[in-house]
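Asks: Let me give you the structure first, and then I'll get to my questions.
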Amino acid sequence: MNEVETFEAFGAAAVEEILVRQPVMASSLGDHRFDGRLDDLRPAALDEERKAITARLAELHQWDDVELPIGHRVDAEVLSVRLRDRLFDIEEGGEYTWNPLVANPGTALYLLLARDYAPLPNRLRSAGSRLREIPEQLLVARATLHDMPRVHVETAIGQFGGTLGLLEDIARELADLPDLRRHVEPALDAARSALNDHVAWL
């Protein structure tokens, strides 16, 4: 491969890593390969992501002195900014340590219900997979959060209430799909219980 092709392959691989590690963002961008997953906020997962981003940024520097086409140079800068912003959030900003809204799975579920990108049963299966991850994600959040500003806590309580409403929307959609309901309802019940516990904790 020539230098342009090598850069394109590097950029595609770096973007793929971003989407794999941030499945809710992927869903929002129309990439539905990871619709059954929530973002992994465990400290070990974030540390692994930090190392991967650091490695990608080091690789990106090799293109600083390469005469790439202008469009590719813009792509390199956009990618660099995106990676550095994410690295800062993990290392310094740490919004997931003080903002309880970060762990709210409402957007992750809403994206599956509101967009008619696939047949409803397919989207509900993905929702079921995300529902199954909610209890652990909220446990991780409670172990990580500290020094939360009051306004964020109050806002989160209201928004988590909205997420509980989304669960009832899912339950209504499942009413006419008995086979799927039997598959998804246990996850729905566990997620409802976990969300209620989390709201009480907040």
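The values are calculated or read from the model by the stated rules, or taken from the named source; none is laboratory data. These numbers were taken from a predicted model, which means no experiment stands behind them. A quick note on method: Cβ atoms are made from the backbone with ideal geometry, for glycine too, and the neighbour counts reach across all protein chains shown.
Asks: Please find, among Val78, Val102, Val66, the residue that is in contact with an Asp or Glu (Cβ under 6 Å, 6 or more places away or on another chain) and more than 20 Å from His152 (Cβ to Cβ).
Replies: From the options Val78, Val102, Val66, the qualifying one is Val66.
Asks: Now, a different point. Counting just the residues of the stretch 69-113 that are under 20 Å from Leu29 (Cβ atoms) and polar (S, T, N, Q), which one comes out surrounded by the fewest Cβ atoms within 10 Å (Cβ to Cβ)?
Replies: Residue satisfying both the conditions and the ranking: Thr107.
Asks: Still on this structure, I have one more. Is it the case that Ala190 is at pLDDT 95 or above, assigned to a helix (DSSP H, G or I) and in contact with a Pro (Cβ under 9 Å, 6 or more places away or on another chain)?
Replies: Yes, satisfied.
Asks: Is it the case, given these coordinates, that Ala143 is of a type in the set (Gly, Ala, Ser) and within 20 Å of the chain's Cα centre (by Cα)?
Replies: In short, yes.
Asks: Still on this structure, I have one more. Could you list all residues from the stretch 56-107 that are farther than 21 Å from Pro23 by Cβ, free of Cβ contacts under 8 Å to residues at least 60 places away in the same chain and among the small types (Gly, Ala, Ser)?
Replies: Scanning the stretch 56-107 gives Ala58, Gly71, Ser80.
Asks: Here's another thing I want to ask about it. Please report, ordered by residue number, the helices (runs of 4 or more DSSP H) entirely within the stretch 1-95 with at least 3 residues that are of a type outside the set (Ser, Thr, Tyr), out of contact with any strand residue (DSSP E or B) (no Cβ under 7 Å at 6 or more places or on another chain) and more than 25 Å from Tyr110 (Cα to Cα).
Replies: Ranges flagged: 3-21, 43-60, 70-88.
Asks: Report, by residue number, each residue of the stretch 45-95 that is among the aromatic types (Phe, Trp, Tyr) and within 16 Å of Ala13 (Cβ to Cβ).
Replies: Matches in the stretch 45-95: Trp63 only.
Asks: Still on this model: Return yes or no: is Thr144 among the polar types (S, T, N, Q) and within 23 Å of Phe34 (Cβ to Cβ)?
Replies: Here the answer is yes, as Thr144 does meet what is asked.
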